């Protein structure tokens, strides 16, 4: 069984069957990390700002986002970028979806979202409204959740 050699070259780890091959692997990873699109993107929606950016990390999931509440009195310094996306369009879609959930509307965000996401958001907004109505009526969290679930299940059966 061949022994794998690992080297760190210019801050990037590389692996190979020899030091030279491991260095070449690290160079290839650096080139892959630095190629492609790097321009950051922002979406402003209802006092929230989604920052979409690429970070040079090993692996293919280099794009991510974080949402900042521009109206908050105290900034949240502990928020990390959600680096779960392979490309800029996927990160933008995910950020727009998050903005819609946090603001209870996708008005103005439709161009960024897929039809399936719009359907999911409609369902989510309806569930949230049913939950809020139940809590205003004095139901406990558990009861309100159950009532919202029951209402959405009935709606699903009627639609089918």
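Laboratory data are not the source of any read-out in this text; all were calculated from the coordinates shown. Because the structure is predicted, anything quoted here is derived from the model rather than measured. When we count neighbours, we look across all protein chains shown, and the Cβ atoms used for this are built from the backbone with ideal geometry, even at glycine.
What is the order of 45, 61, fewest Cβ neighbours within 10 Å to most? Spell out each step's value before the answer.
Values: 45 21, 61 16.
Ranked by crowding around the Cβ, least crowded first: 61, 45.
Take residue 17 and residue 146, extend 7 Å from each Cα along the Cα→Cβ direction, and tell me the distance between the two endpoints in nm.
My value for the distance between the label points is 6.4 nm.
Taking the radius of gyration and the Kirkwood hydrodynamic radius from Cα positions alone, what is the Rg/Rh ratio for the chain, to two decimal places?
1.17
What number, rounded to the nearest 500 deg cm²/dmol, is the helix-based mean residue ellipticity at 222 nm of the chain, given -39500 (n - 2.57) per DSSP H run of at least four residues and division by all its residues? Could you put the intermediate results ahead of the total?
Values: 4 runs with 73 residues, N = 160.
Mean residue ellipticity, 222 nm, calculated: -15500 deg cm²/dmol.
P(r) for region 116-160: what percent of alpha-carbon pairs falls in each 10 Å bin, starting at zero?
All Cα pairs, binned at 10 Å, distribute as 31, 49, 19, 1 percent.
Could you check the simple spin-label distance between residue 102 and residue 128, using points 7 Å along Cα→Cβ, in nm with one decimal?
Each label point is offset 7 Å from its Cα along the Cβ direction, giving 1.2 nm.
Report, in degrees rounded to the nearest 10, the 0 to 90 angle that the Cα long axis of helix 88-103 makes with the longest principal axis of the chain.
30 degrees
Provide the FRET efficiency to the nearest 0.05 for the residue 5-residue 27 pair, computing r from the beta carbons and using R0 = 22 Å.
Working: r = 14 Å, r/R0 = 0.66.
The calculated FRET efficiency here is 0.95.
Calculated FRET efficiency, residue 135 and residue 42, Cβ-Cβ r, R0 35 Å, to nearest 0.05? Could the numbers behind the result be given before it?
Details: r = 34 Å, r/R0 = 0.96.
Given R0 = 35 Å and the Cβ-Cβ separation, E is 0.55.
Identify which of 11, 36, 108 has the largest mean-square fluctuation in a Gaussian network model of the chain, with springs joining Cα atoms closer than 10 Å.
Largest GNM mean-square fluctuation: 11.
Most mobile of 97, 119, 106 per a Gaussian network model of the chain (Cα springs, under 10 Å)?
119
Compute a Gaussian network model of the chain, connecting alpha carbons closer than 10 Å, and tell me which residue from 25, 69, 84 fluctuates the most.
Answer for the Gaussian network model of the chain: 25.
Expressed as a rounded percentage, what relative contact order does region 1-136 have, with Cα pairs under 8 Å and six or more residues apart? Provide the component values of the computation, followed by the final result.
Working: 196 pairs, mean separation 18.5, N = 136.
Relative CO of region 1-136 lands at 14 percent.
Over what distance in Å are the Cα centres of region 133-160 and region 98-117 separated?
When both Cα centres are located, 23 Å separates them.
What distance in nm lies between label points placed 7 Å from Cα along the C-beta direction at residue 115 and residue 157?
Each label point lies 7 Å from its Cα, and together they span 2.8 nm.
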